[in-house]
Structures are given as C-alpha cells and as structure tokens.
1. Name, by its number, the condition in (1) assigned to a helix (DSSP H, G or I); (2) more than 23 Å from Trp267 (Cβ to Cβ); (3) without any contact (Cβ under 8 Å) to a residue 60 or more places away in the chain; (4) not aliphatic (A, V, I, L, M) that does not hold for Tyr113.
2. Kindly indicate which of Ala208, Ala190, Ala158, Ala204 is modelled with pLDDT of 90 or more and of a type in the set (Gly, Ala, Ser).
3. Against the conditions (1) more than 30 Å from Arg12 (Cβ to Cβ); (2) free of Cβ contacts under 8 Å to residues at least 60 places away in the same chain, where does Leu358 fall short? Just the number, please.
4. Kindly evaluate Ala181 against the criterion of being at pLDDT 90 or above, out of contact with any His (no Cβ under 9 Å at 6 or more places or on another chain) and part of a helix (DSSP H, G or I).
5. Consider Glu218 carefully, then state whether it is closer than 30 Å to Ile43 by Cα and either outside any helix (DSSP H, G or I) or modelled with pLDDT under 80 (or both).
6. Under 19 Å from the mean Cα position of the chain (by Cα) and not aromatic (Phe, Trp, Tyr): which single residue out of Leu199, Leu260, Leu191 fits that description?
7. Could you go through the range 10-20 and let me know if any residue there is of a type in the set (A, V, I, L, M), closer than 24 Å to Ile295 by Cα, part of a helix (DSSP H, G or I) and at pLDDT 70 or above.
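The values are calculated or read from the model by the stated rules, or taken from the named source; none is laboratory data. What you are looking at is a predicted structure, and each value in this text was computed from that prediction instead of being measured. Glycine also receives a Cβ, built like all others from the backbone with ideal geometry; neighbour counts cover every protein chain displayed.
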Amino acid sequence: MTMNMKKYIGDRKFYRKILIIAVPIMVQNGVSNFVGLLDNLMIGRVGTNALSGVAIANQLIFVFYLLIFGATAGVGIFTAQYHGCKDTEGVRNSFRCKIVTNTLLCIASIAVYALFDRQLIGSFLEGEGNPADAAETLAIGLDYLRIMLIALIPIGWANAYSGTLRDTGQTRVPMVASVIAIFVNLIGNALLIYGFFGLPALGATGAAIATVLSRFVELAVLMIYTATHREAHPFIVGAFATMKIPRRQAVRFVLKSLPLMANETLWALGQTIMNQCYSFRSLDAVAALNINSTIWNLFGVAFLAMGEAVGIVVGQILGRGEMEKAKDHARKMIAFTFALGTVFGILMVVVSPFFPLLYKTSQSVRQMATGVILISGVFMPLCAYMHASYFTLRAGGNTLVTFLFDSCYVWVVSVPAAFLLAHETGLSVLWMLFIVQALDLIKCLIGGAMVRSGVWAKNLTGDAEKKE
C-alpha cells in the first residue's frame, strides 16, 4: 500500500520545481479572480438586472476566450516541446502562428457578436420572470457586449505573447502584466461604475470601458517586456520580419490546433447552452450562476494553475524524449491537483451560506446561489481531476483524444441531460445542476483510463521532424 502511494507522491524537490511554475499562474489567476469578485460585487450593488445583463454578455465573451485559448494552446503544445529541445526557430514560428490565427479569430468573432448580439443575449431571457426586468437586462447586456468588442484583438495578441512566454518557462511576466491590467480595471470600475471624482456614473457600461482599457495595458506590458529582453526570449528576434511559416510546419500546427480549438469552443458553447437551460427554469438562475462562477473561479485558481503547469512541465519533458519521466510527473501532478481541488471544494461548501449575502439582490437569488455554490464545492475535486487529466492528454499532442474526452462528452451527455431536465421535468435548478454535475463522474473514469494507458506520451519534435 505504501509503495503504491509513493507512485502518486513526489519528493520536496519535485514539488519545488512544480510550484515554481504553478505559483505565478496561481497568483495571476488569484488576483484576477479576486478583482473579478470585486467587479462582480460593484456591478451587483447596481442591481440584479445589471448583474444578470453583464453575466450574460460575459458568458458569450467566455466562448471567445476559450476559442482563443484553444488556438493558442494548440500551437503551444509545439512551443513547449521546441523549447524543451532548444529549437528557437521552432518557437518563433509557433509564436507567428499564434499571432496570425488569433487575429483572424478575433475579426470573425467581432463580426458574429455584432450581427447577432440581440438574439444571443435574448435567448437567456425566455424563462419565468418579470418582462420589464428582462427588457432592462437585455439593454444592459447589449451595451456591455458592444463595448467589449473593442477589447477582442488585444485579448488575442496578449494570449499569443503570454502563452509563448509561459510555454518557454517564463510565468512571472504574464503574471505581472495581468496584475497591472487588473488594477487598471479595478480603478476604472471604481471611477466609471459609480462616477467618482466628477466622472459620469455609467454602471455596467463603465465596467466594460474599464475592462477594455485594462486589456490594452496588459498587451502593452507584454510587448514592451518581450521586445526589451531579446536575449532571454530570442524567439522575438525577427518574429515580425515576416509572417510566413514553413508550409509543413504550418500544416502540423493547424492539424494539432484545430481539434483543440474546436474542443475549447464547443466546450464553452456547451456550458453556455447548459446555463441557458437553467435560465429557462428561472431568470433568477442567471444571477445565481454568476455569483457562483465568481467564487468558483476564486477558489479554483490552485487546481486550474496546476493544470497549466502539467501541460508545461510534461510537454517540455516529452520534448526531451523522456517518456517514463513524463508519465511519472503526470501521475504525481494529477494526484496533487486532485488534493488541491478537495481542499478548496470543502472551503466552498463552508462559505456557501455567507457569500451571496454580499450581493444587493433578492432573497430568492441568494438562496439559489447558496445551493449552487454548495453543489459546485462538492464536485470541485472531480473538476480538478478532469482538468489535470485533460492537460496531461494534451501535452503529448493527442488533441483528437482530448476533443473526444472533453467537448464530445459535454455535447453527448451533459447538454442533452440539461435540456431534457429543463424541458421535460419539473425539477428545480438545483436538482438539474446536481444531476448534470454528477454525470461528470463517468468522464473522470474515462480520463483516468486514458492517462494510465500512456498512449498520450509522444515527442512531436524528434522523429516526426526528421521524417519531414
């Protein structure tokens, strides 16, 4: 029994190495989500309709975030492995691919949101509730979303920069850039939501303007740092001299990225559809789920950061061709991530009755939010395990497998379950949520079997490159 446990527990040196990468990501995400919490509370003090309108708009923007994340992370699989085998030109070409791809995706996303904004937001407002509240929520959501479109291109470019820096082991600078942007956002919110120092009180519109400004600041910090530290990050030298990428390399980037990009986008769309199903039962669900997502993001920073660390560490080891070491590290990091999810899940359960009291909203919304937070806390360990398993499978370039494991499961199991529960039963939102979350246990079993099989452990920079 003791020998078996040693397979899942590393020594002090192991955890020090992992935490050097994970802690800056935790700090970045922690500060971001804490300020997101303050943002949410500021908007929540304006009223329930403002909270719901911004929540719906952000749910739609969330699909874009994961689209960009998928595109960046797909190419990032190669970036980490190229860095592991000290191939600077490979890193440079992967960076170029991220810039070009993200720019095209931003332009396409802006067009879709601009053309269909009213229909997209309105689809969340068809549940039981006051028509006047629904109309006000729609107007607030439209204003917020239209301003946020300005931020999409800086978000895409910032992801290309920060993703490349992280994949090459530099996690501190993206953290600093994000923290600076976060405080710009926080100060902007304080000034523009409530109209301090003689400025107009713009409510949710002010929050959108502050967010746009913060995204431009984040990109500026990343660009200036990388341009002035060329010796530490040689990939940037000549990176913009041309946007051409060797054809065979570009094809490999695209073939690996498309399944991951499709996965992230379909997963986000799946989550959006499920939230829409919950809102069909009651408009209060929009605000309650938004309150839950705020605290879930804050308490989930540890295991979410560990997932990214798994991808970086295991990817670099695979790039050096050390397959058994990669499997050993992955197994221990997944176990550690699950432990973190358990600890923070317990904390969520403890605070569930108290956190909704911070919001200026109705008692029914508070009660529903308490139940949603409680359920989310109970299932957080499963989320942590799935997250680490996903990044392990992705590290070896098995993007098709991760697509089947992640978004296919959501669309084949979770979305149909939520839809049927919303339209064919009289169950409350809380019971609907509990059943859908419980179904993820099957996904955990599938992910565990895939990781243990070891089929994901592949080197993408060695033999494959020589054959080409």
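1. (2)
2. Step by step, each of Ala208, Ala190, Ala158, Ala204 is checked, and only Ala158 is modelled with pLDDT of 90 or more and of a type in the set (Gly, Ala, Ser).
3. Failing condition for Leu358: (2).
4. no
5. no
6. Leu260
7. Yes; the residues of the range 10-20 include at least one that is of a type in the set (A, V, I, L, M), closer than 24 Å to Ile295 by Cα, part of a helix (DSSP H, G or I) and at pLDDT 70 or above.
For (1) of a type outside the set (D, E, K, R); (2) surrounded by 21 or more Cβ atoms within 10 Å (Cβ to Cβ); (3) within 23 Å of Leu400 (Cα to Cα), each residue gets a yes or a no:
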{"site": "Gly198", "(1), (2), (3)": "yes, no, no"}
{"site": "Thr205", "(1), (2), (3)": "yes, no, no"}
{"site": "Glu218", "(1), (2), (3)": "no, yes, no"}
{"site": "Arg230", "(1), (2), (3)": "no, no, no"}
{"site": "His233", "(1), (2), (3)": "yes, yes, no"}
{"site": "Ala239", "(1), (2), (3)": "yes, no, no"}
{"site": "Ile245", "(1), (2), (3)": "yes, no, no"}
{"site": "Leu260", "(1), (2), (3)": "yes, yes, yes"}
{"site": "Met274", "(1), (2), (3)": "yes, yes, no"}
